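We did not get these values from a lab; they are worked out from the coordinates using the rules stated. This structure is a prediction, so every number in the text was calculated from the model and none was measured. For neighbour counting, all protein chains shown are included, and Cβ atoms are generated from backbone atoms with ideal geometry for every residue, glycine included.
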Amino acid sequence: MIPAIAAGDLALDTARRMQSLPAEQESRTDEVLMRAYGDGDSHAFEVLYARHKGATYRYFLRHAGGLAASAEELHQDLWLKVIGARERYEAQAKFSTWLYTLAHRRMIDHWRARDGESLASLEDAEILVQAEESLAELRDGSDDPLGASIDFQARQRLVAALASVPTLQQDAFLLHVEGGLSLEEIAGLTTASVETVKSRLRYAYRRLRAALEDLQ
Amino acid sequence: MSSKHDREQSGSAGEDDAVARAWRQASDERPPARLDAEILAAARRSVQQEDAGAKTLPVRPQARSRWMQWQSLAAAAAVAGLAFVLLQTLPREREVAAPVRMEAPAPVPAPPPAQAPTPTPDAQLEMRSDAPARAVTATPASPGVGPAERDRGTESAARSPAAEVAAGIADSMGGAETDRRKGLMTEASGESSSAEASARAVARVPGALAAPSASDWTARIKALHAAGDVAGAATALREFRKVDPDADAQLPESLHEWAWTVE
C-alpha cells in the first residue's frame, strides 16, 4: 500500500526535490527523460512535467475558453495518459510532438462530448472565418501595430482575441506557440496539409495582431 | 506585385514573431500546485506499483508455471492412464480369443466318462514322443485314444514333447489333484526331453491317482517295457501286484516271461 500523502505536502516535497534535481538530469532531452521514466525513474518524470506542464495547461485552458476546471481535468487526463503509456513509449518522434498529439486527441474528444461537434463542422466554421479575414486583410494597412512592450491590458486583449479565433486556427496557433511544434509537426498530428496549417496560423496571428492594434 | 508579396511575407513573419512573443508574455498561467501534486503522485505510484509488481512477479509466473507444469503432468497422467486401460483391455481380448482357438479341436479327443479323470498311459506316451507313441498306438490296447488325438499329440510333440504331455494330462484331469499333477508333469518336462525321463514321470502319476484299472496297469507296464524302461516297468508291475495279486496273469503273454523275472 502506498501511504496517502496530502496534496499540499506532496507539492512542497516535489518543489524541494525539483530544486535539488541535479543539473545533469535537467539537461537531458525529453525523450531520454521519458525513457528513464519508463525504466522506473520517477524523478525524470518530474523534470519532464516541469518542462511541459505550463504549456499543456494553457493549451487546454485556451481551448476551454478560460475555464480552469475544464482545463485542469483535460490537463490531468493528458498526463495520466502519459504516465500510463510510459512503458510503451518509443522515441520515434519528438516527445513534444507525441505529447501534443495526445493533447490534440483529448481536445477533439472534449469537443465531441461537449457540443457534438465534428471536425467537419469546425472546418466549416473555419472557412467562414477565413473568408471574413480575407476581406479584412484587403481593408487593413500594413504598418506595424505592435509596440515593444505588452502590458496587462494587452495580455487580456490577446487572450480574448484568441478565444474568438475559430477552433482549428486556435489549435494550430497553440500548438505552434505553446507547444513549439513546427508547421510540419502540426500538419502531421492534425492530419492537415502544411499549407492548411500555414493558412490557419496566418489567420490566427492576424486576429491577434488586430487585437493588439486596437490597443494602439 | 511579387516584391510587395515578399515584403508582406517578411513583414508578416516579423509580426508573427512579435505576436508570439507578446502571447508568451501574456499567457503565463500554470496548473495549480494541487494538480501538479496529484499528477506527480500518480507518476510515482505507477513506478511503485511496477516495483511491487516486479517483486511479486517471481511468485506469479512461478505459480502460473507450476500450474502449467501440473497441467502437463495431469495431461501426461491422463494419457498414461488411457494407455494403461487400453493395454489392459487388448491382452484380455487376446486371452479370450486364444482359448476359443485352442478349444476348437478339443471336443474330438474327449475321452469316455469313465476314463476322463485319468488319461491312459498310452495316450500320455503317444503325446510324449513320436516314435514310441506310434509303436504303442499300433497296439489295440488304447481304446480311448482316437486318431484325432493322435494327430494332436503329434503336433504337440513336435513343439515340446514333455510340456505337451504335461499339458495334455493336466487338461484331462480335474479336481484337487490337478495342481499336484501339473507339478509332477512340469518336473518331468524339466528333467529331460527324453522318453525315459518322461516315462518315469508319467509312471509316478498313476500312483498318485485314484484306483487305476487293471487294463491301465497292464497298458502302462507294457508301454514302459516297450520303451526300454525295464526298471520302470518292473516297479509298475510290483505296484500292480500290490493292488492286484493276480497282476501277472493279466499281463499280455509277451510279458509273462519277463514278469517272472521281477521279484
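Quick rundown of the values:
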{"item": "Table column - 3J(HN,Hα) (Hz), segment B:242-250, Karplus curve with 6.51, -1.76, 1.60, x for Gly and Pro", "result": "5, 6, 10, x, 8, 4, 4, 5, 8"}
{"item": "Segment A:74-85 - phi-based ³J(HN,Hα) in whole Hz, Karplus 6.51/-1.76/1.60, Gly and Pro as x", "result": "5, 4, 5, 4, 4, 6, 5, 5, 4, 4, x, 9"}
{"item": "Additional length obtainable on full extension of the chain from A:ALA91 to A:ASP39, 0.36 nm per residue less Cα span", "result": "17.4 nm"}
{"item": "Under Karplus coefficients 6.51, -1.76 and 1.60, residue-wise ³J(HN,Hα) of segment A:29-40 in Hz, glycine/proline x", "result": "6, 4, 5, 5, 5, 5, 5, 5, 5, x, 8, x"}
{"item": "Net charge over other residues, Cβ less than 14 angstrom from the Cβ of B:ALA249 (K, R count +1; D, E count -1)", "result": "-4"}
